[in-house]
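Some notes on the structure that comes next.
The values are calculated or read from the model by the stated rules, or taken from the named source; none is laboratory data. Everything numeric in this text was worked out from a predicted model, so none of it was measured. All Cβ positions, even for glycine, are placed from backbone atoms using ideal geometry, and neighbour counts span all protein chains on display.
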Amino acid sequence: MEGQGSTPTPAKRDLPTWSLVVFAVLAIYAVLLVILNDDRVDVSFVFFTAEISLLVLIVLCLVIGFAAGFLFDHWRERRKNRRS
């Protein structure tokens with residue numbers, strides 16, 4: 001039979017080496033971010049105050065900033081289309 005006794009070729013990698021290095025660096029960064037920001041802080045939400053993790057506060061601020069930027073961009077596009 002043909003091909004019998006020949007060594008199989010190594011499987012092709014799905015990800016190049018540099019992307020694995022970048023993924024590893026980002027994973028280490030994420031772990032350090034969690035470890036170094038585990039302090040509890042008091043946050044005033046106007047109507048109530050809560051004690052939350054600093055990391056949760058950082059993520060909350062990022063989400064609010066993303067939402068504000070998205071809404072502002074949408075509002076700007078609507079205003080631009082109205083003038084045309």
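Note on region 35-84: residues that are in a helix (DSSP H, G or I) and of a type in the set (D, E, K, R) total 8.
The one condition from (1) at pLDDT 90 or above; (2) over 17 Å from the mean Cα position of the chain (by Cα); (3) not hydroxyl-bearing (Ser, Thr, Tyr) that ASP73 does not meet is (1).
A quick yes/no check of all residues on (1) modelled with pLDDT of 90 or more; (2) of a type in the set (Gly, Ala, Ser); (3) surrounded by fewer than 11 Cβ atoms within 10 Å (Cβ to Cβ):
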residue: LYS12; (1), (2), (3): no, no, yes
residue: SER19; (1), (2), (3): no, yes, no
residue: LEU36; (1), (2), (3): no, no, yes
residue: VAL41; (1), (2), (3): yes, no, no
residue: GLU51; (1), (2), (3): yes, no, yes
